[in-house]
Amino acid sequence: MAKFKVLKTFKDIHTKKIYKIDQEIDMTVKRAKEVEENLDSSFLSRVEEKEEEK
């Protein structure tokens, strides 16, 4: 799973959930590509997770 930031409000056709602007969601990269194909690339932005230093 990867984290994505919602840039535009949309409804997921599989889960029927409504995702709102600035919400961070967990989604597989494969599913995110599917969203991009169905809508466009302006709806999600991948959030780079920083590794914690030990």
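The values are calculated or read from the model by the stated rules, or taken from the named source; none is laboratory data. Please read these numbers as outputs of a predicted model, since none were measured by experiment. Remember, those area values only see protein heavy atoms, side chains included, never the ligands or the DNA or RNA. Shrake-Rupley method; radii C 1.70, N 1.55, O 1.52, S 1.80 Å.
Of note:
- For the chain, the 222 nm mean residue ellipticity estimated from helices alone, with every DSSP H stretch of n ≥ 4 adding -39500 (n - 2.57) and the total spread over all residues, rounds to -5500 deg cm²/dmol.
- Count of lysine pairs in the chain with Cα separation under 16 Å (8 or more residues apart, or interchain): 15
- Between helix 29-38 and the chain: long-axis angle, C-alpha atoms, 0 to 90°, nearest 10: 30 degrees
- Close amide H pairs (under 5 Å, H built 1.01 Å from N) link L39 with no residue at least 5 positions away or on another chain.
- Accessible surface, the chain, averaged per residue in Å² (probe 1.4 Å): 86 Å²
- Computed in the context of the full set of protein chains, the accessible area of the chain at 1.4 Å probe radius has 47% of its extent on carbon or sulfur.
- Whether the chain is rounded, prolate or oblate, judged on the alpha carbon gyration tensor where a/c under 1.5 counts as rounded: prolate
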